[in-house]
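The values are calculated or read from the model by the stated rules, or taken from the named source; none is laboratory data. A quick note: this is a predicted structure, and the numbers were derived from the prediction, not measured. Cβ coordinates were reconstructed from backbone atoms using ideal geometry, including for glycine residues, and neighbour counts include every protein chain displayed.
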Amino acid sequence: MVSITDWEEKFAERLTQLRMKKGVSARDMSLSLGQNPGYINNIENGKAMPSMACFFYICEYLNISPKDFFDTNSKNPEKVNALIDDLKLLDDTQFDNIASIVKALIQK
């Protein structure tokens, strides 16, 4: 069974990963969310956890859904979501061509 402390640690690690992927400092992210300069740093260091409302603001700031936040298999959910949006515009032939390219890349 996973303890609360383990979940908090995983939350902090994921937040750090996603923030760094976005290329923003913890301070800048905190201020952009309307929080004190050390807010994100405190979460990432395990000293605090965001409220549910702040968690949603964090996800919005990162341009991801709460589901994406917890999907640790996705290293760059913002780019994945943008790609999916683009794929939705393709016709069947274009989609099949892209699918073939992706499968070839994965197999390497």
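Tabulated data for the structure shown
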| item | result |
| --- | --- |
| Options S3, S32, S25; residue that is surrounded by fewer than 15 Cβ atoms within 10 Å (Cβ to Cβ), out of contact with any Gly (no Cβ under 6 Å at 6 or more places or on another chain), free of Cβ contacts under 8 Å to residues at least 40 places away in the same chain and farther than 27 Å from V80 by Cα | S3 |
| Subset of the range 40-78 (residues that are more than 15 Å from S30 (Cα to Cα), in contact (Cβ under 8 Å) with a residue 12 or more places away in the chain and not in a loop (DSSP other than H, G, I, E, B)) | D68, F69, F70, P77, E78 |
| Breaking point among (1) among the hydrophobic types (A, V, I, L, M, F, W, C); (2) over 12 Å from the mean Cα position of the chain (by Cα); (3) in a helix (DSSP H, G or I), for L90 | (3) |
| Matching residues, the range 77-101, being among the hydrophobic types (A, V, I, L, M, F, W, C) and either touching a Ser or Thr at 6+ places or on another chain (Cβ under 9 Å) or surrounded by 11 or more Cβ atoms within 10 Å (Cβ to Cβ) (or both) | V80, A82, L83, L87, L90, F95, I98, A99 |
| Filter pass, A53 being over 17 Å from T16 (Cβ atoms) and either at pLDDT 95 or above or surrounded by 12 or more Cβ atoms within 10 Å (Cβ to Cβ) (or both) | yes |
